[in-house]
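J.: Have a look at this one.
The values are calculated or read from the model by the stated rules, or taken from the named source; none is laboratory data. Since this is a predicted model, take the numbers as computed values, not measurements. For neighbour counting, all protein chains shown are included, and Cβ atoms are generated from backbone atoms with ideal geometry for every residue, glycine included. These accessible areas exclude ligands, DNA and RNA; they are computed on the full protein's heavy atoms, side chains included. Shrake-Rupley method; radii C 1.70, N 1.55, O 1.52, S 1.80 Å.
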Amino acid sequence: MQIGISLMEYMSIAAIVTGVFWCAAKWRKQAILRTGKKPIWVSFGADLFGVIALMLFCRVAIADWQEVPSGSMEPTLRVGDRILVNKLAYGPRMPFTNTAIKFGEPQRGDIVVFRFPGDVSTLYVKRLIALPGDVVTYRRGAVSINHQAFDVKIDTSIAPRKEDAGYLFADETAGNRARIIKLNAEEPGASVRPQAWLSDYRDACTVASTQEWECKVPAGKYLMMGDNRDNSADSRVWGFLDQREVVGKAVKVLINFSDFSRAWMPL
């Protein structure tokens, strides 16, 4: 989910510029009233300050929306989904900084929007699989946490789309939380090489093969994976996620202009 310098940071710049115009308009209020005409910088600068500031506050502190550009979270999220991100779930993050006001902690199974560790101007969305200190065991696409296996059953009730050719679906349940994952039908769990475990986290991970590995999540980190287990650049590729990079929790699909039936779908 790539956005370059984030939209919120552009909005912050706009808020600063229009805020300067607003202060200047207040300072020159009497002069403007005497002339009876608003200069263009008042009409298009100062008058926009309140609108931009309110929009910025809402997107920073309350909620945001992002478009899903890839299939790494299929079938939960589809390409083109516009997702609603609740920033109050964990606490808002201040623009231009990595400072968050903490309201809560992410939980296993949450769909989390976060700043990609390799490029913090890029937002990613993945499912949180494991918390700091958890021992994660991965075998053929299925996961267990602290040696308690997730319940995984093949699901044949889902109508496949063209992008699902060659894949199968499975219901994965952990505790009281369930989701549907997508796996390569011929070699489940074998398509994403756990290169991060082999290079940067040898002390935390033991790798038997692409399909079988075990890791202990370091302090201050999360293990993130896509629901499309065989087509997702996630923690297996770039490593554990630092807690500081979390932006918010994805809670709903707002709309998908290619499939209106997905509108307002809870996650």
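J.: Dipole size in debye (nearest 20) for the range 198-267 around its Cα centre, Lys and Arg Cβ +1, Asp and Glu Cβ -1?
T.: Numbers: 9 positive and 10 negative charges, 56 e Å.
So the magnitude is around 280 debye.
J.: Report the gain in length on full extension from R140 to V17: 0.36 nm times residue separation, minus Cα-Cα distance, nm rounded to one decimal. Provide the component values of the computation, followed by the final result.
T.: Numbers: separation 123, 0.36 × 123 = 44.28 nm, distance 5.36 nm.
Working it through step by step, the gained length comes to 38.9 nm.
J.: If you don't mind, another one. If amide hydrogens are placed 1.01 Å from N in the peptide plane, which non-local residues have theirs closer than 5 Å to the one on I255?
T.: Under 5 Å from the amide H of I255: R82, W264.
J.: In a shell of Cβ-Cβ distance under 10 Å around V247, excluding V247 itself, what net charge do Lys and Arg (+1) and Asp and Glu (-1) give?
T.: Values: positive: K87, R93, R115, K249; negative: D64, E245.
That works out to +2.
J.: Once the other residues with Cβ under 9 Å from the Cβ of G220 are scored (Lys, Arg +1; Asp, Glu -1), what is the net sum? List each step's numbers first, then the result.
T.: Values: positive: K221, R244; negative: D242.
Summing Lys and Arg as +1 and Asp and Glu as -1 gives +1.
J.: Please calculate how many Å² of accessible area the range 128-217 carries per residue, with a 1.4 Å probe and no DNA, RNA or ligand atoms counted.
T.: With the other protein chains kept in place, the range 128-217 gives 55 Å² per residue.
J.: Right, here's the next one. Determine the share of the range 154-196's accessible area contributed by carbon and sulfur atoms, expressed in whole percent, with a 1.4 angstrom probe. Show your work: numbers first, answer last.
T.: Numbers: 1190 of 2490 Å².
So the carbon and sulfur contribution to the accessible surface is 48 percent.
J.: Now for a different question. Using 0.36 nm per residue of separation minus the Cα-Cα distance, give me the extension gain between I101 and T35 in nm, one decimal. Numbers along the way, then the final one.
T.: Numbers: separation 66, 0.36 × 66 = 23.76 nm, distance 4.57 nm.
Contour length minus the Cα-Cα distance gives 19.2 nm.
J.: May I pose another question? Can you list the aspartates and glutamates whose alpha carbon is less than 18 Å from that of K221, not counting same-chain residues fewer than 8 positions off?
T.: Partners within reach: E105, D110, D119, D134, D200, D203, D234, D242, E245.
J.: Farthest toward the dipole's positive end in the range 200-267, which of L241, Y222, L267, given Cβ charges of +1 (Lys, Arg) and -1 (Asp, Glu) about the Cα centre?
T.: After comparing all options, I get L267.
J.: Order 237-247, 151-161 from most to least packed using the mean count of other Cβ atoms within 10 Å.
T.: Final packing ranking: 237-247, 151-161.
J.: Taking H placed 1.01 Å from N in the peptide plane, check which residues at least 5 places from V113 or on another chain put their amide H under 5 Å from its amide H.
T.: Here V247, G248, K249, A250 satisfy the definition.
J.: So how far apart, in nm, are the two label points at K162 and D203 if each is 7 Å from Cα heading toward Cβ?
T.: Result for the modelled spin labels: 5.0 nm.
J.: Let me ask you something else. Highest mean first, what order results for 163-173, 120-130 on Cβ atoms within 10 Å? Write down the numbers at each step before the final one.
T.: Numbers: 163-173: 16.5, 120-130: 20.8.
Going by the mean number of other Cβ atoms within 10 Å, highest first, we get 120-130, 163-173.
J.: For the range 209-223, in order, what is each residue's ³J(HN,Hα) by Karplus, 6.51 cos²θ - 1.76 cosθ + 1.60 with θ = phi - 60°, in whole Hz (x at glycine and Pro)?
T.: 6, 4, 8, 9, 7, 9, 9, 10, 6, x, 4, x, 10, 10, 9
J.: Of the listed peptides 251-258, 180-187, 224-231, what is their order by residue-averaged count of other C-beta atoms within 10 Å, with the highest listed first?
T.: My ranking of the peptides, most packed first, is 224-231, 180-187, 251-258.
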